[in-house]
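Below is one structure, written out as C-alpha cells, with a few remarks after it.
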Amino acid sequence: MAKKKNSKMKWILITLIPIVVLISVYIVFFKKTDDSIVVTTAKVGRKTIVQKVSAVGNIKPETEVKISSETSGELIFLGVQEGDTVSKGQILAKVKPDIIETQLKQQEAALDAAKMDIEFQKANVEQTKAIFLRTKELFGKEFASKQDLENAKANYDKAQSQYQSSLARFEQSQASLSQIKRSADRTTIYSPIDGVVTSLDVELGEKILGTAQFQGTEIMRVADLNVINAIVEVDENDIVLIEKGDSVKIEIDAFKDKLFSGYVLEIGHSAIVSNTGSQDQVTNFEVKVRLVDYNNKIRPGMSCAVKIETETRKDVLSVPLGAVTVRTTMGKDGMEGGMRGGPRGSGSGKGRARTNNDEKKFEDMKPKPVVFVKENNLAIMRKVEVGISDNGFIEIVKGLKEGEEIVSGNYAAVSKDLSDSSKIKLEGQEGRKGGWKGRRGGR
C-alpha cells in the first residue's frame, strides 16, 4: 500500500515539474515587465500668442446721479417711473412746502423786527449824541462836571455799538430769509442731466427727509446710459500686466453668445482686500473698462466677465501649455544632474560641479521650467525659458528648436511621473510590443 502511494506521488511530481519549468520560462522570456510611461507628443511650432487677463465684475454707467430733496416733507408729485428717459431740467418730483412756508413766515417776521430795531437804535444814537454834545459844551463853561461828561460819552458809544449790532442782525435775517426762499424753490426737484431713471425708491405721498440737516432720503437715480463701463476686480498678480488702452472683450451674462468690445480706461491704485487675516485673504485691484459697443438694453448692475488682451506676439516658438512643468535642476552631490542643457549628444549630462557659494546653490534649488524632448524611446528633460501664454499655448524663448518633438501629455506623466531619460511609449502603442500576443502575431 505504501509502495503504491509513493509511486503515485512520484508520477505527480514528474508531471508538475515540467509545467513549473514551462511557466518559469514564459515569465522570464515572454512576460518581461514594460516600465515605459505612456505619453502623447507634439511638435514645436510657431504661432501667434495673445496673453489675456480674465476678471469678473458689473456694468456701471459713467455718470449716475442720486436725487434727494433738500427739504423734508410729503411727496405730493412724482412725474416719472423707473426706466423713463428724462431731459436736463425736467421736473421729477415735488415736496409739500408746508414746513418751508412756516419757516419762511417766521423769518420774514424776524426781518421786520430787525428793521424796527435798527430804527430804534438809530434814534437812540442821535439822542445820546445830542446829550454828549450839550454836556461837553456845559463842561467847557464849567457848568458840568468831568464825571457827567464821561457818562455822556459812554452812553453815546454804547448807543453806537447797539446800532451796529442791529445792522448785523438785520443782514443775518436777510441771509436766513434768502436761504429759506432757496429751500422753498427746491421743493420742486429737477433732473440735473439727460438720462434714464435707473431706480425709484419712493412712492407718491411718502414722507421724506431732506439733506439740509440729515443724510436725506434717496428718491431716485438718473444715469447717462450712453457711456457704460465694466467695473472688474483683477488679481494682484495680474494687475502689473495691464496698461491703459489695452483691448478688452466683454461678455455680459444677459447677452448670450455676444461679445462687446472695449478698452482699459482706469487702473486702480488702492487694493481691495477681502477675508483679511485669514488663509483665504484675497487682494484685488479695480479696473474700469469702457464699452465702445452701445446697446440700449444694457442695464446698470448686470454681471459681466472680461478678457483683457495685455500683449500679442506673432510667429513665436510655442508648445502646448501642458508640455511645460517645473523641476529642480540640482542632482545628487550638488551636481546639475538629471538635466540636459541642450540637444542630445551636446554634453555628458552630468554638468559641472557647483561651487560652495550658498546663494548660488539656493538659486539652483529653485524649480525651473522644463519640457521633455522625445528622443527615440526616451524623454530627455530640457530647461527652457518661457514667455507669454494664452489659453492653449506658451511661448518658448530659449531651449527648443522648431520641429522638435516634445511630450505634451498626459498631465500626470509631465507633472510628476517623468524624469530625465525616462522610457516612454506613445499612447496607443501599449499592445504593439512585448507580451505573448505581440511576439506571436496577435494569436
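The values are calculated or read from the model by the stated rules, or taken from the named source; none is laboratory data. Model, not experiment: these values are computed from the prediction. Ideal geometry is used to build each Cβ from the backbone, glycine not excepted, and the neighbour counts take in all protein chains shown.
So that you can scan it fast, the table gives a plain yes or no per residue for (1) in contact with a Phe, Trp or Tyr (Cβ under 9 Å, 6 or more places away or on another chain); (2) crowded, with 16+ Cβ neighbours inside 10 Å; (3) part of a helix (DSSP H, G or I):
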| residue | (1), (2), (3) |
| --- | --- |
| Phe132 | yes, yes, yes |
| Thr135 | no, yes, yes |
| Glu142 | no, no, no |
| Gln147 | no, no, yes |
| Ala159 | no, yes, yes |
| Gln172 | no, no, yes |
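Going by what's in this entry, would Ala168 be described as under 23 Å from Lys115 (Cα atoms), assigned to a helix (DSSP H, G or I), modelled with pLDDT of 90 or more and out of contact with any helix residue (DSSP H, G or I) (no Cβ under 6 Å at 6 or more places or on another chain)? When the stated conditions are applied, Ala168 passes them. Residues being within 30 Å of Thr41 (Cβ to Cβ), at pLDDT 50 or above and outside any loop (DSSP other than H, G, I, E, B): count how many of those fall in the range 310-355. Summing the residues that are within 30 Å of Thr41 (Cβ to Cβ), at pLDDT 50 or above and outside any loop (DSSP other than H, G, I, E, B) in the range 310-355 gives 17. Number of residues in the range 218-271 that are closer than 18 Å to Gln51 by Cα and aromatic (Phe, Trp, Tyr) equals 1. Only residues that are part of a loop (DSSP other than H, G, I, E, B) and small (Gly, Ala, Ser) were counted in the range 211-258, giving 4. Of everything in the range 217-230 that is of a type in the set (A, V, I, L, M) and buried (at least 16 other Cβ atoms within 10 Å of the Cβ), the residue that is farthest from Ala305 (Cα to Cα) is Ile219. Scanning the range 182-199 for residues that are at pLDDT below 90 and of a type in the set (D, E, K, R) yields Arg182, Asp185, Arg186. A count restricted to the range 239-274 and to residues that are exposed (fewer than 10 other Cβ atoms within 10 Å of the Cβ) and more than 24 Å from Ile298 (Cβ to Cβ) stands at 2. Within the range 44-123, which strands (runs of 3 or more DSSP E) (wholly inside it) include 2 or more residues that are closer than 30 Å to Gly195 by Cβ and at pLDDT 95 or above? Ranges flagged: 45-68. When you look at Gln179, is it at pLDDT below 90, loosely packed, with under 15 Cβ neighbours inside 10 Å and of a type outside the set (D, E, K, R), yes or no? Spelling it out, Gln179 is indeed at pLDDT below 90, loosely packed, with under 15 Cβ neighbours inside 10 Å and of a type outside the set (D, E, K, R). Just one of (1) modelled with pLDDT of 90 or more; (2) surrounded by 16 or more Cβ atoms within 10 Å (Cβ to Cβ); (3) under 18 Å from Lys47 (Cα atoms) fails for Asp390. It is (1). A count restricted to the range 194-210 and to residues that are in a loop (DSSP other than H, G, I, E, B), surrounded by 15 or more Cβ atoms within 10 Å (Cβ to Cβ) and not acidic (Asp, Glu) stands at 3. If you go through the range 182-191 and keep only what is surrounded by 15 or more Cβ atoms within 10 Å (Cβ to Cβ) and either under 35 Å from the mean Cα position of the chain (by Cα) or assigned to a strand (DSSP E or B) (or both), you end up with Ile189, Ser191.
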